[in-house]
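Okay, structure first, notes after.
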Amino acid sequence: MGAYHPQIVHFAIALLVVGVLLRLVSLARRPAFVSPAATLLILLGTGASVLAVRSGTDAHGPVERVPGARAAVVEHEEWGERARNVFLAVAALEVLGLVLRRSPRLRLVQAASAVVGVAGLWVLYQAGDHGGRLVYSYAGGVGIRSGAPEDVGRLLLAGLYHQAQLDRRAGRSAEAAALIDEAARRFPNDPEVGLLAAESHLLDRRDPAAALAALDRISVPASSAFLRVRAGHLRADALEASGDRAGALAVLQKLAEEFPANARLRQRVEQLRGQTGASQP
């Protein structure tokens, strides 16, 4: 069940949050449908929380073996188990309310369910917050949930890209270039990675000739307007960096004619025209 943990968790959160809110509203005794709706949602949400803990246990093995992630995995598991236990208590109160539906004690039981449910929502928030931290700060489960090798490849590519950006901003150009080189080596047929490598030659190595050579090796899909415009901008940047502003202008003018709605292209063309003294065609 580990692969279904994200879906189950979101169902549990939605059902329990709405269920507890309806239980609070039901204390006003109207409208009449609110109380049975609260019971149904809380019982369904509690069942989902049990499945969420089970699926999380099934999924945690590969995640906690990632260096540095074990403590985050354990914290998330503990909060998830606490949330399940609290809502099992809430569900028990709801069942008791069904048993006492004709008793004057029903209001007291429902009030207790609402109070414990509100406390449960805080525990549930903590479980969700720790789960989000595990995913977004430790990449817990990212790339491995489906078991598809290409997902791990995308995870690796994302890591190389983001670390390269950090290194570049920190002035570590050689490290940034090395990471982009590794991405290009591992994904030689990906045109986006190829454009990233061409950009790295220009920004990290200050080598416009190498950037132009890299661009010449890339086969940009004719169907992708985004990649074609990006490749054109990079080629113009490399030509301008090598002193060929007229060549850069020619590249951008051709693109601007093909994509007249692209404001950035038009702005860049006007800028280069002013720098080169080129006349309006």
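Of note:
- Residue satisfying condition, being crowded, with 18+ Cβ neighbours inside 10 Å, touching a Pro at 6+ places or on another chain (Cβ under 8 Å), assigned by TED's automatic domain parsing to the domain that holds Ala241 and not small (Gly, Ala, Ser), within set Leu160, Leu202: Leu202
- In the stretch 163-180, the qualifying residues are those that are outside any loop (DSSP other than H, G, I, E, B) and out of contact with any helix residue (DSSP H, G or I) (no Cβ under 7 Å at 6 or more places or on another chain), and the one that is surrounded by the fewest Cβ atoms within 10 Å (Cβ to Cβ) is Arg169.
- A Cβ distance below 7 Å, combined with a sequence gap of six or more or placement on separate chains, defines the contacts here; from the stretch 33-50, residues that are in contact (Cβ under 8 Å) with a residue 24 or more places away in the chain reach no residue that is buried (at least 23 other Cβ atoms within 10 Å of the Cβ) and outside any helix (DSSP H, G or I).
- Only one entry of Gly147, Gly97, Gly120 meets the criterion of being surrounded by 17 or more Cβ atoms within 10 Å (Cβ to Cβ), under 30 Å from Gly61 (Cβ atoms) and in contact with a helix residue (DSSP H, G or I) (Cβ under 9 Å, 6 or more places away or on another chain), and that entry is Gly120.
Let's see how each residue does on (1) surrounded by fewer than 17 Cβ atoms within 10 Å (Cβ to Cβ); (2) farther than 30 Å from Arg154 by Cα; (3) hydrophobic (A, V, I, L, M, F, W, C); (4) touching a residue at least 60 places away in the same chain (Cβ under 8 Å):
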site: Arg186; (1), (2), (3), (4): yes, no, no, no
site: Gly194; (1), (2), (3), (4): no, no, no, no
site: Ala225; (1), (2), (3), (4): yes, no, yes, no
site: Leu252; (1), (2), (3), (4): no, yes, yes, no
site: Arg264; (1), (2), (3), (4): yes, no, no, no
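- Residues that are more than 16 Å from Val53 (Cα to Cα) and among the aromatic types (Phe, Trp, Tyr), drawn from the stretch 110-139: Trp122, Tyr136, Tyr138
- Output for the stretch 72-81, where each listed residue is surrounded by fewer than 19 Cβ atoms within 10 Å (Cβ to Cβ) and charged (D, E, K, R): Glu75, Glu78, Glu81
- Selected residue (only one of Arg268, Arg273 is within 23 Å of Ala198 (Cα to Cα) and part of a helix (DSSP H, G or I)): Arg268
- Test: residue in the stretch 118-137 that is part of a loop (DSSP other than H, G, I, E, B) and out of contact with any Cys (no Cβ under 8 Å at 6 or more places or on another chain): no
- Note on the stretch 52-71: among residues that are among the aliphatic types (A, V, I, L, M) and assigned to a helix (DSSP H, G or I), the one that is surrounded by the fewest Cβ atoms within 10 Å (Cβ to Cβ) is Ala71.
- Scanning the stretch 211-246 for residues that are part of a helix (DSSP H, G or I), of a type outside the set (A, V, I, L, M) and closer than 20 Å to Arg264 by Cβ turns up Phe226, Arg228, Arg230, Gly232, His233, Arg235, Asp237, Glu240, Arg245.
- Number of residues in the stretch 92-135 that are among the hydroxyl-bearing types (Ser, Thr, Tyr) and touching a residue at least 24 places away in the same chain (Cβ under 8 Å) equals 1.
- Val115 vs. criteria within 22 Å of Asp129 (Cα to Cα) and surrounded by fewer than 18 Cβ atoms within 10 Å (Cβ to Cβ): yes
- Residue within the stretch 43-53 that is at pLDDT below 90, of a type in the set (Gly, Ala, Ser) and more than 17 Å from Ala92 (Cα to Cα) present: no
- From Ala176, Ala184, Ala170, Ala164, residue being in contact with a Lys or Arg (Cβ under 9 Å, 6 or more places away or on another chain), modelled with pLDDT of 95 or more and of a type in the set (A, V, I, L, M): Ala176
- Tallying residues that are more than 24 Å from the chain's Cα centre (by Cα) and in a helix (DSSP H, G or I) within the stretch 185-196 yields 1.
The values are calculated or read from the model by the stated rules, or taken from the named source; none is laboratory data. Note that the structure is predicted; figures quoted are calculated from it, not measured. Cβ atoms come from the backbone with ideal geometry, glycine included; neighbour counts cover every protein chain shown.
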